[in-house]
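Working notes, beginning with the structure itself.
The values are calculated or read from the model by the stated rules, or taken from the named source; none is laboratory data. Please read these numbers as outputs of a predicted model, since none were measured by experiment. No Cβ is skipped: glycine too gets one built from the backbone with ideal geometry, and neighbour counts run over all protein chains shown. Quick note on the areas: whole protein, heavy atoms, side chains included, nothing else; ligands and nucleic acids left out. Shrake-Rupley method; radii C 1.70, N 1.55, O 1.52, S 1.80 Å.
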Amino acid sequence: MKQIRIHRLAIISGILIIVSLISVQVQPSQLIALYLQRYSGVDALHLADIILGLLFTAIGLLLFELRQTRRLYMVGLKLKKHHARHVQLLNKLPYAIAELDSHRVIHHSNDAFRQISTLQGLPSIQQQIEQLFNQLEQNSDQQSPTLLQRIQADGAPLICLEWQLHRSNNHLFLSGRDITQQLEEQDRLSISEKIIESTPIGVMVTGPDKRIQYTNPAFEQVTGYNTQEVLGHFPSILSSGKQGADFYKQMYQIMENEGSWQGEIWNRKRNGDIYLEWLSISALKDEQGKSTHYIGMFSEFTAQERVKEKLRTLAYYDGLTSLANRTLFNEHLQRLVTNNNEKQLCVIFFDIDGFKRINDTLGHHIGDQLLVAIANRIKETCREEDTIARWGGDEFIMAIEVSDSHIGIDTFCKKHLKSLKRPFLINGRELSITASMGVSIYGDDAHSSAELIRNADIAMFQSKKRGKNRFEIFSPAHHEVLLESMEIENRLRVAIKENQIDVHFQPQVCQGSTICGLEALARWHDPVLGQVPPQKFIQVAEETGLINDLSELIYHVALKKFKTIRAIYPAFGLSVNLSASQLQDVNLVTTLKQVTDAQSISPSNIKLEITEDVLMSDIEQSIRNIALLKEMGFQISLDDFGTGYSSLSYLKDLDIDEIKIDRSFVQDLISSERNKAIIEAIVAMSKVLEIDCVVEGVETEEQLNQLLQIGCTSFQGYYFYKPMPANQIIELLTDYCQE
Ligand code: C2E
Ligand code: MG
Ligand code: MG
């Protein structure tokens, strides 16, 4: 029984030890004492049981202590981790933080604090602390005194720091942060605010619903409305009614698409006065691109400003087409040249083909309207970023930037040529035009704005020469052509002055091989340039205004020589070519009459050859001259027939005596059925109209036979005779008379 009890005691002791191990609250020795007290009646405690109990108790105690130590160790570890995390966290803060003890000495601080304290130009931190404490002492209500400090080391930007002292229980903390950016932003905002409030420019801000949310004092000064009166209203409160609904619709559309709009607008003041203002509206957008506000800024045009604006417009814009003028274009081009980026800058010169004809035939009023329509067409075809200007007369100029000059220019020019070909409707009349274009590329042969313009002009000149309605990209060869023209011009001046121009004669044959006329053809052999073909020097003379002097000289020489020829063989007349501008010359009739009379030759022996282009240039003056010449007895021949407009009405209305079928038809006569058909038609028509018909450029017997078959009777060509000097003609005619 006793044994059982002792065992029980030991077991209970053990259990108590285990319990004590599990429960931290009760000491095992206490439990054993309680147990012994309770069972004090049992005096025969077996020693071994006691030792065992004590051993168990000791083990229990030992285990308990071990557990406690482990627990404390774990808590310590946790605290260390916490501490490290706090230090890490503190170091990550953008603020500088330091903990102070009661003697105002820093105990702990974070990285930012250490960084700030090493800033160049910063007085010692201790001084900051002292100042903060002084503030604290002077103003006891202040819980966290603040100190603003601006520091600027030599050459370094200004830095603004804000220091603050915090008290928490018995702890003191010092925090500091860099508020440079924040202060700058505040400064900026307050400056902007002051500007908006003090600017003489009216400012009005509306919300996305377009209702007014803000107006500045200048708004009131200009419109007469104060902010309270217009808040919540639409800007249409200012509407003058001068602009239609379409105007506003377009304005909002541009603003939505492009984010801003600016232009002139007539508005009405509170007192009813209508005034002109320059308005600029911008849309403020959020991150999703939705308009959140519209900011309108405007200034009233004073009478003086209106005049200034008008003068500026006059100085920089073309009055007719409203395009930029030369001055503005030059300025713009200069800027493009200076800021030239990786794109290729090109200048394009436009010249309207035969514009003078339209002006002369339909009047300047129609010509002007057409120019405006052309300017608009060019503008429509251009991109927003292209620069367009009216260079003068019927010339336009453009500056464009393209990524690839070859593809870009080709596309650009073809697009414009095509667009200009579409008829224009002017005053109910359809007018068709074409243009010649010249292009120059920056960097290729031009290194300045002046060179760009000059080269484009030269290239355009080349387009004209090569048949118009086309474009040419400048090449140095064009320049050579121009130089050649200039050289011809210089030499031609000398040739005219020194009577170096000669005339050859080409016989015309009719009815088999009878010579029935002579054509006078100008010849010029220059000592420097050699033999210059008439087409070349006549064109230069036309372009340079030398044509009238040259033609007078040719006519004089031709008639003088013809007089000698007539002395031998008086049976036929002389054909003389007139150039395009000669026929428009008001003095033409008098000059021809004088020279003809001087040689005592009757005008009826002279046939004046004009080309169809001559007629198209200045129809009214040409018609007047032709009528007068016919009245005097001169005959008129239409040269190179079939290559120009071939208007049948001219043949009848102008009372033409002869037509000369161009030699281009004869050249392909054998191979081309079409050419044959054309010659047949012209011959048939001339018979009906009773007009003489001469075929030019007959070179072979085969051609002659074909032409005879068609019914042609008069010819001129190398097959019969080449042009020859007067003395050879005299020889020829002398033989001819003897036959
Ligand atoms: P045009 O008035 O049609 O003169 C005929 C041109 O054809 C002449 O050339 C003549 O030499 C050339 N010709 C004649 N028969 C043949 C032929 O069988 N085959 C070929 N291939 N050519 C032939 P030219 O003398 O070189 O004159 C060329 C053009 O220059 C003239 O064409 C005329 O438009 C102009 N021209 C010549 N002299 C004068 C002038 O004194 N005043 C004006 N305004 N123009 C002139
Ligand atoms: Mg001729
Ligand atoms: Mg001809």
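Observations on the model:
- Candidates in region 352-366 are the residues that are outside any helix (DSSP H, G or I) and open to solvent by 20 Å² or more (accessible area, probe 1.4 Å); of these, the one that is farthest from Ser475 (Cα to Cα) is Gly363.
- On the stretch given as region 551-606, residues that are assigned to a helix (DSSP H, G or I) and among the aliphatic types (A, V, I, L, M) total 15.
- Residue in region 582-600 that is among the small types (Gly, Ala, Ser) and open to solvent by less than 60 Å² (accessible area, probe 1.4 Å) present: no
- Test: Tyr645 is within 16 Å of ligand 3 (Cβ to nearest atom), surrounded by 14 or more Cβ atoms within 10 Å (Cβ to Cβ) and either part of a loop (DSSP other than H, G, I, E, B) or at pLDDT below 90 (or both): no
- Tally, over region 531-575, of residues that are buried (at least 17 other Cβ atoms within 10 Å of the Cβ), under 20 Å from Leu518 (Cβ atoms) and in contact with a Leu (Cβ under 6 Å, 6 or more places away or on another chain): 2
- Close pairs from region 709-721: first free of Cβ contacts under 8 Å to residues at least 24 places away in the same chain and under 11 Å from Cys516 (Cβ atoms), partner more than 15 Å from ligand 2 (Cβ to nearest atom) and open to solvent by less than 30 Å² (accessible area, probe 1.4 Å), Cβ under 7 Å, at least 6 apart: none
- Among (1) in contact (Cβ under 8 Å) with a residue 24 or more places away in the chain; (2) surrounded by 17 or more Cβ atoms within 10 Å (Cβ to Cβ); (3) out of contact with any helix residue (DSSP H, G or I) (no Cβ under 7 Å at 6 or more places or on another chain) - the single one Arg454 does not satisfy: (1)
- Selection status of Phe665, within 16 Å of ligand 3 (Cβ to nearest atom), farther than 20 Å from Ala571 by Cβ, among the aromatic types (Phe, Trp, Tyr) and open to solvent by less than 30 Å² (accessible area, probe 1.4 Å): yes
- Strands (runs of 3 or more DSSP E) wholly inside region 170-288 containing at least 2 residues that are loosely packed, with under 14 Cβ neighbours inside 10 Å: 260-268, 274-285
- Filtering region 402-431 to residues that are outside any helix (DSSP H, G or I) and open to solvent by 50 Å² or more (accessible area, probe 1.4 Å) leaves Ser403, Asp404, Arg422, Pro423, Leu425, Asn427, Gly428, Arg429, Glu430.
- Lone qualifier among Gln500, Gln462, Gln506 - being touching a Pro at 6+ places or on another chain (Cβ under 6 Å) and either among the basic types (Lys, Arg) or surrounded by 14 or more Cβ atoms within 10 Å (Cβ to Cβ) (or both): Gln506
- Taking residues in region 628-643 that are closer than 17 Å to Asp662 by Cβ, and partners anywhere that are near ligand 1 (Cβ under 10 Å from one of its atoms) and at pLDDT below 90, the pairs with Cβ atoms closer than 6 Å and at least 6 places apart or on different chains are Asp639/Thr611; Asp640/Thr611.
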